[in-house]
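A.B. asks: Just dropping this structure here.
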Amino acid sequence: MDLVDCVLPKLYPIAPLVDALDQCISSSTVAYCTYEHRFFPEYHPKDYFIELCAKRGLEVTQVPIEDQHSIYS
């Protein structure tokens with residue numbers, strides 16, 4: 001199953017994405033999420049995403065740059 005979403009904290013909040021991930025994945029599922037840093041004055045979106053995932057029991061692991069394809073890093 002593919003789940004695609006775009007999150008811009010001011011327009012499209014992060015919490016509904018985490019809710020959807022929590023409902024769509026199981027303990028044997030790996031979900032790949034990408035992140036492009038953009039300034040948001042109220043909080044750091046990446047840290048907030050990780051915090052919300054942790055509250056749901058979802059593990060977030062960052063793929064090291066050396067393990068990423070050079071086109072997509």
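A.B. asks: Name the residue, out of 14, 71, that is hydrophobic (A, V, I, L, M, F, W, C), at pLDDT 80 or above and open to solvent by 80 Å² or more (accessible area, probe 1.4 Å).
C.D. replies: Result: 71 is the single residue among 14, 71 that is hydrophobic (A, V, I, L, M, F, W, C), at pLDDT 80 or above and open to solvent by 80 Å² or more (accessible area, probe 1.4 Å).
A.B. asks: Also: Scan the range 28-52 residue by residue and report those that are assigned to a loop (DSSP other than H, G, I, E, B), under 10 Å from the mean Cα position of the chain (by Cα) and either among the hydroxyl-bearing types (Ser, Thr, Tyr) or over 11 Å from residue 7 (Cβ atoms) (or both).
C.D. replies: Hits for the range 28-52 are 31, 32, 34, 35.
A.B. asks: Continuing with this model, one more query. Six or more apart or on different chains, Cβ atoms under 9 Å: show the pairs whose first residue is in the range 24-37 and within 12 Å of residue 58 (Cα to Cα) and whose second is among the small types (Gly, Ala, Ser) and modelled with pLDDT of 85 or more.
C.D. replies: Correct list of pairs: 24/31; 25/31.
A.B. asks: Still on this structure, please answer the following. Take the range 53-68 and flag every residue that is open to solvent by 100 Å² or more (accessible area, probe 1.4 Å) and either in contact (Cβ under 8 Å) with a residue 12 or more places away in the chain or more than 12 Å from the chain's Cα centre (by Cα) (or both).
C.D. replies: 55, 56, 65, 66, 67
The values are calculated or read from the model by the stated rules, or taken from the named source; none is laboratory data. On a predicted model such as this, the values are computed, not experimentally measured, just so you know. As a convention, Cβ positions derive from the backbone with ideal geometry for all residues, glycine included, and neighbour counts pool all protein chains shown. Heads up: the accessible areas ignore ligands, DNA and RNA and are worked out on the full protein's heavy atoms, side chains in. Shrake-Rupley method; radii C 1.70, N 1.55, O 1.52, S 1.80 Å.
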